[in-house]
Each structure stands twice: as C-alpha cells, then as structure tokens.
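Have a look at the structure below before the remarks.
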Amino acid sequence: MPSALLGRMTSSPTPPPVPAPGNRGALRRLRARGRDEAHRTASPLELFFDLCFVVAVAQAGIALVHSVAEGHAGQGILDYAMVFFALWWAWMNFTWFASAYDNDDVLYRVVTLVQIAGVLVLAAGVSRAFEDHEYLVVWLGYAIMRVAMAAQWLRAARAAGGPERTTALRYAGGVLACQAGWLGLLFLPEGGRPWWFLVMALLEMCVPPVAERHHTTSWHPRHIAERYGLFTIIVLGETIAAATIAVKSGIDENDALGELLPIAAGGLLVIFAAWWIYFVVPIHGHLRTSRQAFLWGYGHYLVFASAAAIGAGLEVAVEETVGKAHVSTLAASAAVTLPAALYLLTVWVLHSRHFKRGITQQLVLPTTALLVICCTFLGHWAVFAAGVVCALSVAAGETLATRPATRESGPATRTG
C-alpha cells in the first residue's frame, strides 16, 4: 500500500494518454496516473482479482470454523490472523499500486494474473496451515504474489526518474527482502512462529513509509474508496453464502428449522446492518492527509477480517445448535458477537466518527458494539438479539440524522 498514506499530498502528474480501443493490449510504459482523473472506477481485472482473493478468504473462514468447533479457538484465531494478514496485505499492496500505475496493457494484465494464481496457491495451503501448522504452500503462494508485485514496481521504476524512481526501487527491494524473511516460518520451531510473524508483519508495514519518504505515489481517492468498498461487499457476500450453506446443511441433516431460524434471521440482520453502516456516507472526501489515509487503509485489516469472521461464527453457531460442534453455547455465541462488535467499532473509528455531530450520534456505534457483546450471554437467542440490536442501531442513526441541527451538534449528518 503506498504510504501516500505517509507523505504529503503532491500535485497530480499528467495522466497517461488513454489508449485507443483497438490498442488497449499493446505494451506501454508503466507511468503514474493522475490523482485528479475524472470517472476513475474499478476495472474488470480488479473485480476479478477481488473475487479470486475471496476464494482464499473463504478457505480461511472454513478452517477457522473447524478450529473453533473442535474447541481450539485460541489457536484457530491465531492461525486465522496470520493467514488473513497475508491475504489482506497482498490485496492492499496491489490495490494501491493499481490506483497509481494501472495501464491495463498485456504485461500488466499477465503479472496481475500471476498474482491471482499466487492467491489460489495460498488458498490450497490454508487447511494444512491450520491443521498441521505446515506453511510451505502458504509461503509459496504468498511468494508468487509478492515477487510479481516487486516486478510491477521494477517496471514502474524503469519508466520513472528522480524521486519517483527511487520510491519504486525501494518498494521492490523492500518487498523482496521481506519475502526472504518469511522463510523463517518454514524453519523456526512452532512456538517461535507467532513472534516471527509479528516481526515480519511489522517490517512489511514499514516498507511503504520508507519507500515514500521523499515521493508520494499518485493514488486516486475515489478509486481507492471504491476498491475498499467493493471488497467489503464481496466479503460480506461470502459471509452470507457461508452462513446460508451452514443453515441449509443443518436443516437437511438434522431437521432443525425451528432452532436455526433465530440464528439465520439474526445473522442476516447483523450482515445487513454491517453493509448499511459501512456505506451510509462516502469516505473518499476524508482521504486528504497522510495520517488519515494511513489509519484508514491499514485499519481495514480489522474491517475485512472481522466481516469474514462473522460468517465463520454463524457457521459455528449453527453447528453448536445441531450438536456438531464441541463448544458451549456461550462460545458459539461469542464466535458471532465478538467479531460483529469489532467490526462496528472499527467502522466507527475509520468512517463514522468523522461525519457524526454531537455526543449522541458519536455514541451510537460504540454503544451498539457493547450491547452486541452483552447479547453473548443470551443462550440460543444471542445471535438473534445481536441482529435486532444492530438493526435498531441503524434505525437510531437514521433517526438522529433527520433531527434539526443545533448549535452544539452542527448540521445533521447520517450516522449509520
């Protein structure tokens, strides 16, 4: 992820000429695009990229379900955090690079498809990473994605000069150096791997500020906001799909429609509210300073991970209800309510608090998160109650947004 994030916004470079319709596949120099381009939207290749990444997200969710259902929640959450970091970081690096440099020529497309192949390799190794703590396939898939990303930066460096060239070379060098460091996961004893992961994750996240110390890449605010929003939608869609399959399986195999309906209804309300709260206000206008962009972009690790974990939690709740999970009702309920509360708090920090006016509006989402956690202790009605709380939160936000402005609160703002 470019740390435009971490540098002062600079004037937009002159955008490259748009290729003629019949010349779109020709090889062209990989030059920076303009930050002020009109009508900049996600490309079909970017959408395809997202969909393939969600395949790996789904595999991580399935593995998390099995770990929690078997009573190994702590280890499962740790493995999930590690695997999800690899997915999130590779996705985010591509997204910000594409926002600044995507020229949609043949070579750019091919290298992007190589990155997609890498995430599919990673997805194939997720179950082994969770069950046997064997990370070779995961490392290989991540390596494919990261080496391809370094190749893109080297190509950008070739077409650039001065500070921009230095930035691109630093990115390429940092990416390759970190990738070599991840080899430690293959050789360290199992007890040392989480600590090595923490060190390497911090080093990965230090690459953008170091690379962009003297030059800020020209990412496009509207394009970035759209890309993050689209990935949020896809993750929430995968969450609904996973929960639907779990409920269907429970009904078909155990004839437990009555017991599963509250979970299905509550889960749907939680996911609907998650979508509503995220998209209630446009965020691109907030991405103005380096500090804002840094917190917003990096903070989405928690948004994406918690959104996907809600689906895994709903599957655990279904399996516990039909007697297939070796966990208590309290643990199964927490598998839904805790990631839901984390999602609400993170979206409040990243999005909503910047647009709310007055203490009442500011307290809506933090209070909702607290109430969702309290729902954990309601037994088999926990998920349904959490869904109702989330729905009421949306209703409260919309009601407060329609109130006349006061001197203390300023103009009324939709809060979600």
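The values are calculated or read from the model by the stated rules, or taken from the named source; none is laboratory data. No experiment lies behind these values; they were computed from the predicted model shown. Quick reminder, even Gly has a Cβ in these numbers, built from the backbone with ideal geometry, and neighbours come from all protein chains shown.
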Point to revise | Residues of segment 78-89 classified as surrounded by 23 or more Cβ atoms within 10 Å (Cβ to Cβ) and among the aliphatic types (A, V, I, L, M), total | key: 3
Review point. Quick one: in segment 49-67, which of the residues that are over 14 Å from THR232 (Cβ atoms) and under 16 Å from the mean Cα position of the chain (by Cα) is surrounded by the fewest Cβ atoms within 10 Å (Cβ to Cβ)?
Key: VAL55
Exercise for review: Take segment 315-332 and flag every residue that is touching a residue at least 60 places away in the same chain (Cβ under 8 Å) and more than 13 Å from VAL383 (Cα to Cα).
Suggested key: GLU319, VAL322, GLY323, LYS324, ALA325, HIS326, VAL327
Exercise for review: Those residues that are touching a residue at least 60 places away in the same chain (Cβ under 8 Å) and surrounded by fewer than 18 Cβ atoms within 10 Å (Cβ to Cβ), I need them from segment 246-259; list them, please.
Suggested key: SER249, GLU253, ASN254, ALA256, GLU259
Review point. Pick from VAL394, VAL364, VAL372: which is buried (at least 19 other Cβ atoms within 10 Å of the Cβ), at pLDDT below 90, in a helix (DSSP H, G or I) and of a type in the set (A, V, I, L, M, F, W, C)?
Key: VAL364
Check your understanding: In segment 90-131, what count of residues is obtained for those that are surrounded by 21 or more Cβ atoms within 10 Å (Cβ to Cβ), under 28 Å from VAL199 (Cβ atoms) and not aliphatic (A, V, I, L, M)?
Key -> 10
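Can you pull out the residues in segment 151-169 that are surrounded by fewer than 23 Cβ atoms within 10 Å (Cβ to Cβ), hydrophobic (A, V, I, L, M, F, W, C) and part of a helix (DSSP H, G or I)?
Selection gives ALA151, LEU154, ALA157, ALA159, LEU169.
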Exercise for review: Using the structure shown, decide if ALA385 is within 15 Å of GLY313 (Cβ to Cβ) and either touching a residue at least 60 places away in the same chain (Cβ under 8 Å) or touching a His at 6+ places or on another chain (Cβ under 7 Å) (or both).
Suggested key: yes
Check your understanding: Could you count how many residues in segment 189-243 are touching a His at 6+ places or on another chain (Cβ under 9 Å) and aromatic (Phe, Trp, Tyr)?
Key -> 2
Practice item. State the number of residues belonging to segment 321-345 that are crowded, with 22+ Cβ neighbours inside 10 Å and modelled with pLDDT of 90 or more. Key: 11
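Let's see how each residue does on (1) under 18 Å from PHE49 (Cα atoms); (2) under 22 Å from the mean Cα position of the chain (by Cα); (3) without any contact (Cβ under 8 Å) to a residue 60 or more places away in the chain:
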residue: VAL110; (1), (2), (3): yes, no, yes
residue: GLY118; (1), (2), (3): yes, yes, yes
residue: ASP132; (1), (2), (3): no, no, yes
residue: TYR135; (1), (2), (3): no, yes, yes
residue: LEU140; (1), (2), (3): no, yes, yes
residue: VAL147; (1), (2), (3): yes, yes, yes
residue: ALA160; (1), (2), (3): no, no, no
residue: THR167; (1), (2), (3): no, no, yes
residue: MET200; (1), (2), (3): no, yes, yes
